[in-house]
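The values are calculated or read from the model by the stated rules, or taken from the named source; none is laboratory data. Computed from a prediction, not measured in an experiment: that's the story for all the values here. Here Cβ is always computed from backbone atoms with ideal geometry, including for glycine, and neighbour counts include all displayed protein chains.
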Amino acid sequence: MKRRTLIKGLAAGLSTLYLSDLYAHSLLKTQSIPRMAPGPFKPTWDSLGQYQVPDWFRDAKFGIWAHWGPQCQPERGDWYARGMYQEGSDQYKYHLQKYGHPSKFGFKDVINDWKAENWHPEELVALYKKAGARYFMAMANHHDNLDLYDSKYHPWNTTKLGPKKDLIGGWAKAAKEQGLPFGVTVHASHAWTWYEVAQRSDKSGPYAGVPYDGKLTKTDGGSKWWKGFDPQQLYAQSHALSKDSLNDDSMTDHWDWGNGANVPGKAYCDNFLNRTIDLIDKYGPELVYFDDNALPLWPISDAGLKIAAHLYNTSIKKHGKLQAALFGKKLNEQQRQCMIWDIERGQSNQIEPLPWQTDTCIGGWHYDRRLFDNKRYKSAKTVVHTLVDVVSKNGNLLLNVPVRGDGTIDSEERAVVEQVAAWMQVNSEAIYSTRPWKVFGEGPATESVAALSVHGFNEGKGKPFVAEDIRFTTKGKTLYAVMLGWPQNNAISVKALAANNQVGKVSRVSLLGNDRLSFQQTSEGLKVQLPEQPPCKEAFVLKIEGAIV
């Protein structure tokens, strides 16, 4: 039975919204609301400004991420659950061929097709630890709005549908067995506008005018496999379209709920809040990543502020001090005091005063079979160079290794991970527990850097690294100079360590994985003679000792 409920928007000046019988609204009447953890942090920006990044995270430097969910099942790349409803797109055409028309086989049916039958989290997390990861993160939900855990507040979850497994529970157990801090990534706040494409229909062809399945309700289930489940609890499309919704690129403008976005009401925001608090309480993640500008649903709701305060207070109660790492994107100066700034597929061009993180991927965010077939993954060399560059600027690297729908990674991905592991076995001393030097590096690439946009996305746009490109890290009184290539003449000059450059006298130079090297500190730089053969691949670390200041 449908009814229309008037719900006031949370932000000042928001017009009232009419919502259909959303799952969130009815559920809140029948299930208890999770309690917010008491403690020093309150759900305000000023209070969250007390946050201090924990030392363990600053020391870890490298994490691996399983950005894995039902959109990996078609193996056709990122944002599949949106692209399949965009007539004429690559994913729409693929969907027609593989599954049929979106009016008959929608994304809810892709979820049902997903079984994760070959998923062995303990093996994958052990591999990632071998590769040098010091924390592991798994996706808890994406914009497709399926919870990948035993969700008390959302029946569209993987314990009831699809794999019928508690995926976050399995990842968390595997991480604990390997002694790795565990994190979750949360993306579902955007489902409200992201799924608007599911309200469309074809403009041409045999199905012209036939609606896709985005407006189906529980009463449409009949004898279908999803009988008893309400598709509106997944798609959340019982609302009018946002301005410019028919433009396939409109999500960029609507990401922070402005520019004519149809704004969700309190029921939707409260349901997201309760789902996320339940996730934190049930699985105890040390890290939480939000794919949002600042915090989820900000500024139309304070749900994200409440989640942040709850996470921090919960961490203090558990550890006796704050050990949680919380990530947000596109942060202003105040917000960077409240959480860790995450830059998607990009790097800062300077040493940042506060710790930060790059999140990137060796392929697409969701698994894309074409990248395997055409050997288009990032190389281990690119991964290592990114790690070194990020660490030299006071950052961490979170690397996604896309997982196939069945729960495995392919042979090309495994090869990249194994090669990164080989490099870390020789050189991790220059990564873990280090801090930036007075300059992050030198070389030709520093003179041709790509500008950093507000969201990131500047990776791969600068000049390629060569042997003369060097990145610096420090640990105590030791300086590490990481060469991003091997010089042809087996000799390198580190200009930043010139004798007249206000640095101390170098007493010893060695190459990680090799012996002590001969060197000369001149007015032109620290000139080092290297061995005939490099000790590893990808990048090469000079360990420099002496009174470096």
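One residue stands out among those in the stretch 326-370 that are more than 12 Å from the chain's Cα centre (by Cα) and charged (D, E, K, R): the one that is surrounded by the fewest Cβ atoms within 10 Å (Cβ to Cβ), which is Glu333. Residues that are touching a helix residue (DSSP H, G or I) at 6+ places or on another chain (Cβ under 8 Å), among the acidic types (Asp, Glu) and either assigned to a helix (DSSP H, G or I) or at pLDDT 95 or above (or both) do occur in the stretch 116-136, at least one of them. Scanning the stretch 486-524 for residues that are closer than 22 Å to Phe440 by Cβ, touching an Asp or Glu at 6+ places or on another chain (Cβ under 9 Å) and not polar (S, T, N, Q) yields Pro487, Ile492, Val494, Lys495, Ala496, Ala498, Ala499, Val506, Val509, Leu512. When you scan the stretch 76-87, do you find a residue that is over 19 Å from the mean Cα position of the chain (by Cα), surrounded by fewer than 16 Cβ atoms within 10 Å (Cβ to Cβ) and part of a helix (DSSP H, G or I), even just one? Checked the stretch 76-87: no residue is over 19 Å from the mean Cα position of the chain (by Cα), surrounded by fewer than 16 Cβ atoms within 10 Å (Cβ to Cβ) and part of a helix (DSSP H, G or I). Among the residues of the stretch 250-279, those identified as of a type in the set (Val, Ile, Thr) and surrounded by 21 or more Cβ atoms within 10 Å (Cβ to Cβ) are Val263, Thr276, Ile277.
The number of residues in the stretch 379-404 being among the charged types (D, E, K, R) and touching a helix residue (DSSP H, G or I) at 6+ places or on another chain (Cβ under 7 Å) comes to 1. Can you find a residue in the stretch 529-547 that is buried (at least 20 other Cβ atoms within 10 Å of the Cβ), of a type in the set (Gly, Ala, Ser) and either assigned to a strand (DSSP E or B) or at pLDDT 95 or above (or both)? Checking the stretch 529-547: at least one residue is buried (at least 20 other Cβ atoms within 10 Å of the Cβ), of a type in the set (Gly, Ala, Ser) and either assigned to a strand (DSSP E or B) or at pLDDT 95 or above (or both).
Go through the stretch 476-498 and count every residue that is touching a residue at least 12 places away in the same chain (Cβ under 8 Å) and under 14 Å from Val528 (Cβ atoms).
Within the stretch 476-498, residues that are touching a residue at least 12 places away in the same chain (Cβ under 8 Å) and under 14 Å from Val528 (Cβ atoms) number 16.
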